Each structure stands twice: as C-alpha cells, then as structure tokens.
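See below for the structure under consideration.
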Amino acid sequence: MVRNRRPSKQMCLLLEAMSAQRQQWRHGYDLMKETGLLSGTLYPLLMRMTEQGLVEAEWHEPVQPGRPPRHAYRLTAAGFALALETTHGRGALPSTGAFA
C-alpha cells in the first residue's frame, strides 16, 4: 500500500536545491553544503528518493587520478513535478520548459 504523505521539510529543501539545476548531476557533498543537511540525513533521503523514482543516481569517475568514483544525483521528471507541487505558490522555483 502506497502512503501519500507530504514531503518532510528536509525533502522539500533538497527538492528545491536540486530543481534549481535539475539537469545537472550533483554530488552529495555539494548538496550538503547548499542545503545545510547533515550526511546522516542527506544520504538516506537521497536513497529513498531514488527508490521512489524521484532522483536518479549514477557513479561518476574521478576528475583527479587516484580519487575514488563518486555518486552523482539529479531529479527525474517525477522529482521535478513534486518539487513544483511542494513549492507551488511560494515562487521558489524558476519556471522552465518541458521535463527532461
């Protein structure tokens, strides 16, 4: 059974941050700095959002040799739609074209 709950404050904050650059892949560390969320909150939230189809994740090879690969995240069309829905009326998100 699927529960239709309102997104948490933390999820709304993350949705807003990710929707500002929704077609770009973002690293968790950058999202932590932008949102102020701690890693113990951010990464489980990103995993749940990935399982729900709101975020897609993939491994990116390091830019500098000797560094480990890193997970990168971006919103799916469903994630962006939820971001628009949760910020409706607040004017927090820029209006952009069709979903990617």
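The values are calculated or read from the model by the stated rules, or taken from the named source; none is laboratory data. A quick note: this is a predicted structure, and the numbers were derived from the prediction, not measured. Here the Cβ is made from the backbone with ideal geometry for all residues, glycine too, and neighbour counts use every protein chain on show. Heavy atoms of the whole protein, side chains included, go into the accessibility calculation; ligands, DNA and RNA do not. Shrake-Rupley method; radii C 1.70, N 1.55, O 1.52, S 1.80 Å.
Could you order TRP59, TRP25 so the one with the most accessible surface comes first? Probe is 1.4 Å. Write down the numbers at each step before the final one.
Numbers: TRP59 160, TRP25 70 Å².
Of TRP59, TRP25, the descending order of accessible area is TRP59, TRP25.
For a quick check of your reading of the filter: which trypsin sites (Lys or Arg not before Pro) in the stretch 1-85 sit in a DSSP loop and have no more than 12 other Cβ atoms within 10 Å?
ARG3, ARG5
Name the long-range amide H neighbours of VAL55: under 5 Å, sequence gap of 5 or more, or other chain; modelled H, no Pro or chain starts.
So VAL55 has HN proximity to THR50, THR76.
For the stretch 1-66, what does the equivalent ellipsoid look like in terms of its semi-axes, each the square root of 5 times an eigenvalue of the Cα gyration tensor, given largest first in whole Å? Numbers along the way, then the final one.
On the way: eigenvalues 103, 39, 27 Å².
That gives 23, 14, 12 Å for the three semi-axes.
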